[in-house]
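Student: Before I ask anything, let me first share the structure, which is written out below as structure tokens.
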Amino acid sequence: MAQETIWHLPGLCTFGMINHVLFDTMKKYPEMFRENMKIGSVYGTFPGAIWNGGRNIIEGFTGKKEVEKIIGSYNALGIPARFTWTNVLLEEKHTYDTYCNMIMNVGNNGMNQVLVNSPALEEYIRKTYPDYKVLSSTTKRILSLDRLKEELGKDYYLVVLDYDLNHDEKVLKELEPCADKIEILVNETCQPHCPLRAAHYKEISKYQLEYDTRIRFICSDPSPEKRLFKGCMKRPSFISYDQIDEYVARGFKNFKIVGRGEGKEFYVDSLIYYLVKPEHKDFIRKYFNGVLNGLGGGIDPNDNGRRKIV
């Protein structure tokens, strides 16, 4: 039997329909998916949550009953919800936000997870919600091997590796003893060594705190192909389907699919590429899109999947 791979998927809210169709398809046709594969979590945030970070904004608001429904729909399948609480500008005063604490209380059942960046928020969560698994976010941009080893020595459930280190042989070799504590981004869309990535995180974090809809971060790589899966396949950080087995052989088993700020087509392409056996990709794509179309959630080439995302 193949060694286990654990996959962490985006779109807690925005790709809810796609994710649940995926889970149903995996149950119906298990022989067509990677062997010994499981879904480790679904990550993302709820509209309007000021603790959210990264490069994606979701405007709006979600009521408590809907939050309960969404988290419950994943947990009922044994899949943790992972909140992207990675706003880089959070201070202690922000930790008392009523909305974010409501979300944390709803998911406070010992199953769910949080990605953190801010020391103030991390301290608050560890004290107030000790049953959550805490992960170190890739938004910290840790590129030094010494700093990375230091981070791995802390009490984190997983540490998400910076994508610029995906193929750094020296780093990977050094990390093999603790490979099971590392999560790897396999299909990052950002350019290598992006000079504006930290500034992007800061601008998005500022928006979340100020609700300033005028903020529009200008990417340093505006290529239209960037938002297509075939574009990210050309990135130096990209990890191919076949290469996954090489990482697993070295002890790495947690893989993260990027896409919560990308379009639905990009996300479906990513799921089929990584999770489905090559000889079954065409069938699963046809079946998958057929189900989505029947549910009113098909892939529209003119819909970039950002209905509420800035």
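The values are calculated or read from the model by the stated rules, or taken from the named source; none is laboratory data. Keep in mind the model is a prediction, meaning the values are calculated, not measured. Virtual Cβ from ideal backbone geometry, glycine too; neighbours counted across all protein chains shown.
Student: Can you spot a residue in the range 62-69 that is under 17 Å from Pro10 (Cα atoms) and assigned to a helix (DSSP H, G or I)?
Tutor: yes
Student: Now for a separate question. Somewhere in the range 208-224, is a residue modelled with pLDDT under 95, assigned to a helix (DSSP H, G or I) and closer than 27 Å to Tyr273 by Cβ?
Tutor: yes
Student: Residues Arg34, Arg82: which one is crowded, with 24+ Cβ neighbours inside 10 Å and touching a residue at least 24 places away in the same chain (Cβ under 8 Å)?
Tutor: Checking each option against the conditions leaves just Arg82.
Student: Out of curiosity, is Asn75 among the polar types (S, T, N, Q) and within 22 Å of Ser136 (Cβ to Cβ)?
Tutor: no
Student: Now for a separate question. So which helices (runs of 4 or more DSSP H) stay within the range 226-279 end to end and still have 2 or more residues that are farther than 17 Å from Cys190 by Cα?
Tutor: Output list reads 241-249, 264-275.
Student: When only residues in the range 122-144 that are of a type in the set (A, V, I, L, M) and modelled with pLDDT of 95 or more count, which is surrounded by the fewest Cβ atoms within 10 Å (Cβ to Cβ)?
Tutor: Among those residues, the one meeting the criterion is Val134.
Listed here are the residues, each with its yes/no results for (1) assigned to a helix (DSSP H, G or I); (2) closer than 24 Å to Gly63 by Cβ.
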position	(1), (2)
Gln3	no, no
His8	no, no
Gly11	no, yes
Lys27	yes, no
Glu31	yes, no
Ile39	no, no
Val42	no, yes
Trp51	no, yes
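Student: Same structure, new question: Would you point out the residue of the range 107-121, among those that are surrounded by fewer than 20 Cβ atoms within 10 Å (Cβ to Cβ) and of a type in the set (A, V, I, L, M, F, W, C), that is nearest to Glu151 (Cα to Cα)?
Tutor: Among them, the one singled out is Ala120.
Student: Restricting to the range 154-195, name every residue that is among the charged types (D, E, K, R), within 15 Å of Phe238 (Cβ to Cβ) and not in a loop (DSSP other than H, G, I, E, B).
Tutor: Across the range 154-195, the qualifying residue is only Asp164.
Student: Against the conditions (1) assigned to a helix (DSSP H, G or I); (2) touching a helix residue (DSSP H, G or I) at 6+ places or on another chain (Cβ under 6 Å); (3) within 24 Å of Met17 (Cβ to Cβ); (4) among the polar types (S, T, N, Q), where does Thr95 fall short? Just the number, please.
Tutor: (3)
Student: Is at least one residue of the range 263-282 of a type in the set (S, T, N, Q) and closer than 30 Å to Thr139 by Cα?
Tutor: So far as the range 263-282 goes, yes, one or more of its residues are of a type in the set (S, T, N, Q) and closer than 30 Å to Thr139 by Cα.
Student: Just to be sure before I move on: is Leu148 crowded, with 21+ Cβ neighbours inside 10 Å, in contact with a Phe, Trp or Tyr (Cβ under 9 Å, 6 or more places away or on another chain) and either in contact (Cβ under 8 Å) with a residue 40 or more places away in the chain or not in a loop (DSSP other than H, G, I, E, B) (or both) in the structure I sent?
Tutor: no
Student: OK, next. In the range 270-294, what residues are surrounded by 17 or more Cβ atoms within 10 Å (Cβ to Cβ) and either aromatic (Phe, Trp, Tyr) or touching a Ser or Thr at 6+ places or on another chain (Cβ under 6 Å) (or both)?
Tutor: Those that are surrounded by 17 or more Cβ atoms within 10 Å (Cβ to Cβ) and either aromatic (Phe, Trp, Tyr) or touching a Ser or Thr at 6+ places or on another chain (Cβ under 6 Å) (or both): Tyr273, Tyr274, Phe288.
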